[in-house]
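Read-outs throughout are calculated quantities, based only on the coordinates presented, and are distinct from any laboratory measurement. Predicted model, so just to flag it, every value in this text is computed and none were measured. Glycine gets a Cβ as well: all are built from the backbone with ideal geometry, and neighbour counts include every protein chain shown.
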Amino acid sequence: MSLRKRATVSCNVKQIYFSFPHLLTFGETTVDLWTIHVDSSSLTHVAALSEWIDYPVERGIIIDESRGLVVIPQCDRPVGLWVYNLYDGHLITKVALFGRISVARIQYDNGRVLVAVDDDDDDTWLLVCDLTESDPTRPMFRTEITGSSLTSEGEERRFNGFGPVWLSRAGEVVAWAGEPSGMSMSLMLWSPTDEPNDVLPPSRFTKIPRTISVDDQEDGAINMQCATAMGDDRFLMCTAEAVLDVLDGPETYGCVIRVLAKPSLETFWASSLIWGHIGVLRHVPSLNAVVAIGYISERKYGDSPDYAFTVTVLDASTGEQRRHERVNFREHGSPVRVCDISMKGAGGKEVVNLVVIFCDGGVLVRALEAFIREGFPRVSDSSQVKVARPFGDKFGKSTHAAVGDGHAVVVEDNQKVSLVVW
C-alpha cells in the first residue's frame with residue numbers, strides 16, 4: 001500500500017489527541033487546534049485554545065463535531081469539564097465539579113458526559129452532566145457509590161476499584177466495581193432518572209468472574225479495562241485479570257472480551273482468555289469482527305523485560321478467535337508507538353485497515369481483511385514485519401502518534417508534527 005508523508009509543522013508537543021479530522025497538540029504554554037483538509041491532506045492551524053489546560057492523562061477527551069465542542073477534563077483544582085468551541089478555540093464554559101476526577105476515562109453520548117469523582121472524604125460519585133442544558137453544572141444524574149449502593153438489594157458490600165463503563169444513548173449508566181476477594185467484579189446499570197438521587201441503587205446488577213487461575217499462595221484481581229458501543233442495545237467490554245505480586249510474565253496477565261446487553265447486562269458471549277494487556281477495542285461491523293490490540297511480556301522469570309505487541313481478531317457474533325499475531329519489540333528492532341484501526345481511506349472510501357506506527361518511524365498499513373487471512377507480512381522467516389519508511393532513514397524517534405481515517409499523525413522528537421496518508 002502506498003504511503004505518503006504530507007504536511008510537516010514545527011512546534012513543541014508534549015501530547016496529542018486526534019479525532020479525525022481534528023487534532024489537538026498540547027504544549028508547555030498553549031494547546032493548539034488543527035484540522036486536516038481531506039482533499040489536499042494538508043494540516044491547517046485553526047486556533048490556540050483561549051485558556052491553557054494540561055493534558056488529562058487517562059481521563060480522555062471528547063470532540064463532538066455535530067455540536068462544535070471540545071470537552072477536556074480539568075484534573076487540577078478547581079476540577080471540572082472545560083468546554084471549548086471546536087472552530088475557534090474559545091472557552092465556552094467551565095462545568096465545575098467537586099473533589100477530584102477519578103482516574104477513569106469519561107464517557108460521552110449526545111451532549112452528555114459521564115464522569116466519576118472522588119470527594120474530599122474519598123467517597124466516589126457518578127455524575128452525568130448535560131452540556132446542552134442552560135446550567136450544565138447541575139447534574140442530570142448523580143449518585144454516591146457506597147458499599148450498600150452496589151446491589152439492587154441494598155446489602156452492604158465492600159468494593160475495591162471503581163469506574164464508569166458506558167453511557168447509552170437512552171441515558172442508561174453502566175459502571176464497574178472491583179471486589180476485595182479478587183474473584184470477581186460487579187457490573188451495575190442505572191436506568192435514566194428525572195432527578196438526581198444521591199442514594200440511588202442500580203436497577204441491574206451482575207457479577208463477572210475471574211477466569212485466570214492462581215496458586216494457593218498468590219492473589220488475583222479482575223477489573224474493567226475498556227469498553228465500546230456495539231449498536232444501540234449492547235456493548236463490548238474487556239476485563240483485565242492478573243496474578244498479583246509477581247513479575248509480569250507470559251501467563252500472569254490476561255483479558256476476556258464480552259458482549260453484554262442493556263439493560264439486562266446479559267452476556268451474549270465471552271471470549272477465551274487472551275494473554276497480555278489490551279488497551280484498544282474496536283468493533284468492525286463490515287467484517288463482523290472485534291479487534292483487540294495490546295501487548296504482552298514474553299520474558300521468562302528472572303530475565304530482562306521483553307515485550308511484544310499483540311493483535312487479536314474475534315468473530316463479532318460468537319467471540320471465536322479468527323486471528324492472533326504477536327510482534328516482539330526486540331526481534332523487530334523497535335517498539336510500537338501506536339496501533340489502531342482506520343475505517344476509511346484518505347479519499348473517504350470505506351476501507352478498513354490495521355495501522356501500526358513504530359517508534360523508529362516505520363509504518364505498516366495492512367487491510368484488516370488480509371490480516372485476518374494471512375496475518376502480518378514478515379521479512380522472510382524472521383519475526384520482523386515489513387514496514388514502509390515515509391520519513392526516510394534519518395528519522396529521530398516517534399514520541400507521539402495517532403491514527404484516523406486514511407491518515408496518521410506522527411510527532412518526531414516532540415518537535416515536528418507530520419501527516420501520513422494512505
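At-a-glance table
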| read-out | value |
| --- | --- |
| Ratio Rg/Rh, restricted to segment 224-309 and using Cα atoms, in which Rh is the Kirkwood radius | 1.05 |
| Lysines with Cα under 29 Å of Lys207, excluding same-chain neighbours fewer than 8 positions away | Lys262 |
| Stretch gain in nm, segment Glu218-Thr30, where the contour uses 0.36 nm per residue and the Cα spacing is subtracted | 63.0 nm |
| Most fluctuating residue given options Val259, Val113, Val379, as computed from a GNM of the chain linking Cα atoms under 10 Å | Val379 |
| Evaluated over segment 189-263, the Cα radius of gyration and Dmax, each in Å | 16.3, 49 |
| Per-pair calculated FRET efficiency, R0 = 35 Å: Ala170 and Ala367 via Cβ, rounded to 0.05 | 0.50 |
| Placed amide H near Trp269: partners under 5 Å, 5+ positions off or other chain | Val259 |
| Candidates Leu247, Leu189, Leu23, ranked by Gaussian network fluctuation over the chain, Cα under 10 Å, top entry | Leu247 |
| Long-range amide H partners of Ala316 with built H, under 5 Å | Ala289, Val290 |
| Thr206 paired with Thr132, simple spin-label distance in nm, labels 7 Å along Cα-to-beta-carbon | 2.9 nm |
| The chain - Rg (one decimal) and Dmax (whole number), Cα, Å | 21.8, 63 |
| All-pairs Cα distance distribution in segment 15-107, expressed in whole percent, bin size 10 Å | 17, 51, 27, 5, 1 |
| Length added when fully stretched, Val103-Tyr87, from 0.36 nm per residue minus Cα-Cα | 2.9 nm |
| Gaussian network model of the chain, springs between alpha carbon atoms under 10 Å - residue of His37, His407, His283 with greatest fluctuation | His37 |
| In nm, spacing of pseudo-spin labels at Ser382 and Asp120 (7 Å Cα→C-beta vector) | 6.0 nm |
| Segment Leu244-Ser10, length gained on full extension (0.36 nm per residue, minus Cα span) | 79.9 nm |
| Unsatisfied cross-links (Cα-Cα over 18 Å) in the set Lys349/Lys386; Lys394/Lys416; Lys5/Lys394; Lys386/Lys416 | Lys349/Lys386; Lys386/Lys416 |
| Within the chain, helix-based [θ] at 222 nm, where runs of 4 or more DSSP H residues each add -39,500 (n - 2.57), nearest 500 | -500 deg cm²/dmol |
| Prolate/oblate/rounded call for segment 310-422, Cα gyration tensor, a/c under 1.5 rounded | oblate |
| Neighbourhood charge, 14 Å Cβ-Cβ cut-off, centred on Arg105 and excluding it, Lys, Arg +1 and Asp, Glu -1 | -1 |
